[in-house]
Each structure stands twice: as C-alpha cells, then as structure tokens.
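Down below is the structure, laid out as structure tokens.
Every read-out reported here was derived from the displayed coordinates using simple, explicitly stated rules and does not represent laboratory data. Computed from a prediction, not measured in an experiment: that's the story for all the values here. Glycine gets a Cβ as well: all are built from the backbone with ideal geometry, and neighbour counts include every protein chain shown.
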Amino acid sequence: MFLLTRVATRLVLLLVLCALAGCATGVRPESTLVDGAADLAVLPPPGSIVASLEAAPPAIKANEINVLAISGGGSDGAFGAGVLKGWTESGTRPTFNVVTGVSTGALIASFAFLGSAWDGEIERFYTRITDEHIYAKKGVAGLFQESLYDTAPLRTLVEKAANRHLIDAVAREHRRGRRLYVATTDLDSGVITVWDMGAIAASVNPGRYETYRDVLVASAAFPGFFEPVFVRDSIDPEKTRMHVDGGVKAPILLRSFMVAGTQKKKTVYMLINGKLTREAGIELVKPTVIDISKRSISELMRGLTYKTIYQAYVTSKNARASFRMIHVPDDVRDIENALSFKPEEMRRMFEVGYISGRDKSRWLAEPPRLEPLERIAVQ
C-alpha cells in the first residue's frame with residue numbers, strides 16, 4: 001500500500017506522544033519561499049500556481065494526448081523509477097503531453113517529464129540514497145516543533161537533483177506546450193493545490209529555482225514527520241499557509257482539464273508505487289488503542305487511495321481516453337518501511353519495476369476489483 005497506509009503505526013504513536021506531551025503550540029515562520037518567489041502564487045494568471053483545478057489547461061497541439069500520473073509511496077518510488085527504465089527499453093514508452101506527481105511521485109515526475117534520456121538520473125536517485133540523505137531525527141525536541149525529523153538533508157538532495165539544468169529543461173518543454181503538475185495539500189484550508197511546475201520554471205522571477213524545489217519538498221512532506229513548507233498568503237501577505245504532502249488529499253493527481261481536447265486518441269497512464277491488495281491482511285487486530293487506531297487509519301487511507309484511482313478512471317472514460325495502470329505486484333515482498341531508505345531494498349524494488357515496465361502485459365486496462373465480496377452474516 002501507499003506511504004500513508006504504511007506508516008500508520010508511527011502516526012498513531014506520534015498522536016499518542018503528542019497527547020501525553022501536550023503538543024506545545026509552535027510559532028508559524030515566515031514564508032520559506034525566497035523573497036519575491038511567493039508572488040508566483042498570486043492568482044489569477046499569469047501566476048504559476050493552479051489553485052482553481054479547472055485553470056491553465058495544457059496547450060496540446062499534438063494529434064494525440066498521453067498523460068502520466070505518478071503516485072506517492074515513499075521509498076517505494078524505486079518501483080516507479082524501474083518501470084520508467086524498463087518501459088524505455090521496451091520501445092513502447094510514449095512522449096507525455098502531461099505528467100503529474102504526488103509526494104515521491106512529484107520527485108519522479110520531473111525526470112519522467114523530460115524523457116528517457118534522464119532514466120539514469122532517476123535510477124541513481126532511487127537506488128543510492130539512504131535515510132541520511134532525507135532526514136535527521138530531532139529526538140524528543142521534535143514533539144514540540146512542527147515535525148519529528150529535520151528535512152534539511154532532503155532539501156540539499158532536491159537542490160542537487162532539481163538543478164538549474166533540469167529546471168531550465170522543464171521550462172523549454174513548457175514553452176512547447178507540454179505540462180508538468182505537482183500537488184501539495186494546503187493544510188490550513190484542507191484543499192489540494194496543483195502547481196504548474198513548467199510555468200514556475202519558465203517564469204522570469206529570480207526565485208523560480210528555489211520555488212520549484214520548495215514545491216517538490218512540500219509535496220513529499222509527510223505531515224508530523226517531515227517539516228512543512230510555508231507559503232505567503234496571496235491575499236494577506238502577512239500570513240503564511242502550511243503546505244504538506246499532496247497525498248493527504250489525493251494519492252493520484254488527474255483532473256479533467258488535463259485530458260480535455262478534441263484529439264481522437266487519448267491515453268492516461270497511472271503509475272502506482274504500491275500494492276493494490278484486496279484485504280488489509282490476515283492478522284487479527286489486537287484489542288489495544290494503538291492497534292485499533294493503526295488499522296483504522298490504515299483502512300481510511302486505503303479507502304482514499306482506491307477512491308482516487310476510481311475517480312481517475314472515470315475522468316479518463318468521460319474524456320474518451322484509454323486507461324492503463326501498473327502497480328507493484330501483490331506477491332512482491334514489501335519494503336519494510338516506506339519512510340526508510342535502504343539502497344538494497346530500493347534496488348530490489350527498482351528491479352521489480354524494471355521487469356514490470358518491460359512487460360506490456362503488466363498494464364491493466366481498468367482498476368482491478370479492489371474489495372472482496374461482501375460477507376453476509378447469517379444469524
């Protein structure tokens with residue numbers, strides 16, 4: 001399952017510890033975006049943020065539309081990285097008019113958007129990093145701050161991966177009419193925010209590079225564990241808004257405007273960095289607060305994931321688009337913890353993705369039946 005379900009135990013523990021500690025109120029910092037960069041968030045256009053989910057449609061002039069939506073999944077993102085490389089070697093990988101990403105999918109999305117020539121970069125990113133490249137533990141002090149982990153290492157990693165060369169390349173593709181979207185969650189309003197990354201990259205604003213990277217960090221900021229990104233409010237500049245992992249609201253990002261058009265051939269590809277198991281598991285839930293809460297949160301997140309997948313499927317069909325989906329095979333051994341980044345585990349998951357990406361039969365034409373048949377209790 002996705003990152004949000006895989007860390008349910010830690011989330012429950014965090015809530016319990018916060019309750020015991022009283023969770024001291026933190027002070028909201030000023031915007032983490034560099035001075036002037038927050039102007040990119042001002043609406044309406046020509047700002048670079050797509051806050052209205054029907055705004056700024058892609059300027060597609062091609063004869064067909066290919067959309068790639070990449071899910072979250074933490075270190076399971078190694079699967080998606082492997083799929084892309086295997087897909088390239090199969091000779092069937094298309095050029096995408098639109099690419100979207102959420103959480104770890106947001107980090108993959110820039111590479112996928114730029115094409116097969118970047119497969120080596122994404123492979124290195126998802127097979128060599130360790131926990132130390134992502135975060136540092138704060139210890140007990142984290143209970144009284146905005147996160148348990150210090151994600152300064154992640155910012156450094158994103159700065160190296162999303163360097164000026166990459167961002168400038170995204171800008172060039174944006175000017176050609178292709179679109180790259182990344183989702184974050186505005187935790188203050190509880191609304192998903194869709195960022196037009198190509199528009200940010202192509203902006204003349206001097207803070208465009210920092211803004212681009214901040215959005216990537218925000219999309220991967222699992223709340224409570226990773227530090228949120230604060231963005232200056234476009235209406236009241238004295239206020240900031242807290243942005244966290246886009247997967248809180250939508251594990252998959254697909255909106256109708258992304259597949260709008262009169263093209264006769266449209267295809268939506270969904271790359272799922274996780275399993276789609278029918279049931280939560282075979283182990284009985286222990287009658288304790290921790291275990292009951294853990295399974296309940298896990299099921300809530302599992303339901304959100306399934307709902308989002310089916311919504312994307314319906315959106316595709318309403319747009320008369322073909323639908324293709326690939327996910328981690330259910331018989332594959334899980335990465336032990338999606339918030340832990342161990343090269344040996346990620347390399348194994350990358351190889352699973354690579355094999356899957358080379359085999360066109362792994363792509364499903366519709367979502368599988370995700371829930372088992374209802375059990376009817378007979379008195």
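Subtract the Cα-Cα distance of residue 191 and residue 117 from 0.36 nm times their separation in residues, and report this length gain in nm to one decimal.
Residue separation times 0.36 nm, minus the Cα-Cα distance, leaves 23.1 nm.
Based on the mean of other Cβ atoms within 10 Å per residue, sort peptides 261-267, 122-128 so the most packed one is first.
122-128, 261-267
Amide H neighbours of residue 225 under 5 Å, counting only residues 5+ apart in sequence or on other chains, H built in-plane at 1.01 Å?
The answer is 148.
Apply the Karplus curve 6.51 cos²θ - 1.76 cosθ + 1.60, θ = phi - 60°, to the phi angles in segment 195-212 and return the couplings in whole Hz, x for Gly and Pro.
Going residue by residue, I get 9, 7, 5, x, 5, 5, 4, 8, 5, 8, 5, x, x, 5, 5, 5, 4, 3 Hz, with x marking Gly and Pro.
Rounded to the nearest 0.05, what FRET efficiency do residue 63 and residue 175 give with R0 = 22 Å and r taken as the Cβ-Cβ distance? Could you check?
0.65
Beta carbons within 10 angstrom, averaged per residue: use that to sort the peptides 99-109, 351-361, 175-185, highest first.
The packing order, highest mean first, is 99-109, 175-185, 351-361.
How much length would be gained if the chain were fully extended between residue 317 and residue 300, taking 0.36 nm per residue of separation minus their Cα-Cα distance, in nm to one decimal?
3.5 nm
Long-range amide H contacts for residue 241: which residues qualify at under 5 Å (H placed 1.01 Å from N, peptide plane, sequence gap of 5 or more or a different chain)?
Under 5 Å from the amide H of residue 241: 231, 232, 233.
Whole-Hz ³J(HN,Hα) for each residue in segment 74-85, computed from phi via Karplus 6.51 cos²θ - 1.76 cosθ + 1.60 with θ = phi - 60°, x for glycine and proline: what do you get?
x, 5, 5, x, 4, 4, x, 4, x, 4, 4, 5
Simple spin-label model, 7 Å along Cα-to-Cβ: residue 310 to residue 332 in nm?
The modelled label-to-label distance comes out at 2.5 nm.
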